[in-house]
1. Does Arg45 qualify as being surrounded by 14 or more Cβ atoms within 10 Å (Cβ to Cβ), under 23 Å from Pro135 (Cβ atoms) and basic (Lys, Arg)?
2. Being over 16 Å from the mean Cα position of the chain (by Cα), farther than 19 Å from Ser42 by Cα and modelled with pLDDT of 95 or more narrows it down to one residue among Tyr170, Tyr164, Tyr178; which is it?
3. Are there helices (runs of 4 or more DSSP H) fully within the range 1-95 with at least 1 residues that are under 13 Å from the mean Cα position of the chain (by Cα) and at pLDDT 95 or above? List them.
4. From the set of residues in the range 129-156 that are assigned to a loop (DSSP other than H, G, I, E, B) and of a type in the set (A, V, I, L, M), which is surrounded by the most Cβ atoms within 10 Å (Cβ to Cβ)?
5. Test each condition in (1) surrounded by fewer than 18 Cβ atoms within 10 Å (Cβ to Cβ); (2) modelled with pLDDT of 95 or more for Ile159 and report the one that comes out false.
6. Scan the range 97-128 residue by residue and report those that are modelled with pLDDT of 80 or more, assigned to a loop (DSSP other than H, G, I, E, B) and over 16 Å from Leu78 (Cα atoms).
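The values are calculated or read from the model by the stated rules, or taken from the named source; none is laboratory data. As the structure is a prediction and not an experimental result, all values here were calculated from the model. A quick note on method: Cβ atoms are made from the backbone with ideal geometry, for glycine too, and the neighbour counts reach across all protein chains shown.
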Amino acid sequence: MTYEYLKQFIPGGSEVNDNWFLPLKSEEIVTAEQKLGVNFPSQLRSFYQEIGFGMLRSPEIPPAGYEFYNNNEILPPLVVAHFSKEIIRFRTETIEGPAECEDHWMSNATLEMLEPGDLPFFEIGDSSRFLIMRPASHDPNAVWTPSHIKIEDSFERFIWRLYYESPWFYDDIIEAHYNKSRLS
C-alpha cells in the first residue's frame, strides 16, 4: 500500500480541520532510530519516508458543517523516540511534570499506563490519549491503545481508515470493546 492519496496535504494546511503533513529528511528518521535504539516498525518508517509527520483530521469527503477537535497527529520521529525513552525513565526515576519534546507533551498519567517498548506514535489529543505500536512484538505494525485494545492489524490500514472511513474510527473500536466487557 502506498500513501499517494495523502501527498496532496504536503505541505500542510492551516485550518483547524485540515489534514497536513511535513516531509522529513532521511537523517531525521535515522537520528530518531539511533536515539530509540531500534528501527521503527517498517510501515511507520515507510510513512515517515514517503509522507513525513502531521495531522489527519478530516475524512476524504467531510460532511457539511464537519468539525473535529482531536489532534490525530502522527508524531515526528524524534518525539516518538523521546517519549519512548521517557516511558523507561518514568519507571526508574521520579519525574516532575509531563514529558515534553519539541512542543509535544505527555502526561505522567499516560506515562504510567505505558510499558517499556511501547512506541507512542499517534496523539489523539490533550497530551493524555495516544495510540502505540510495539516494535519488539510478533506484530510490530499493529496499532494498539495503551490498555491493549488492538485498533488495527497494520499501520497502513490504520492510516487508510482514518482518511477513507472516519478520523475517529478508533473510538468506535474502543467503545465496542468496553461495551462487550460490560456485557461479559
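1. Details: surrounded by 14 or more Cβ atoms within 10 Å (Cβ to Cβ): yes; under 23 Å from Pro135 (Cβ atoms): yes; basic (Lys, Arg): yes.
So Arg45 passes the test.
2. Values: Tyr170 fails: over 16 Å from the mean Cα position of the chain (by Cα); Tyr178 fails: modelled with pLDDT of 95 or more.
Going through Tyr170, Tyr164, Tyr178 in turn, the sole match is Tyr164.
3. Details: elements: 26-36, 42-50, 77-92.
Hits in the range 1-95: 42-50, 77-92.
4. Step by step, filter the range 129-156, then rank; the result is Ala142.
5. (1)
6. Those that are modelled with pLDDT of 80 or more, assigned to a loop (DSSP other than H, G, I, E, B) and over 16 Å from Leu78 (Cα atoms): Leu114, Glu115, Pro116, Ser128.
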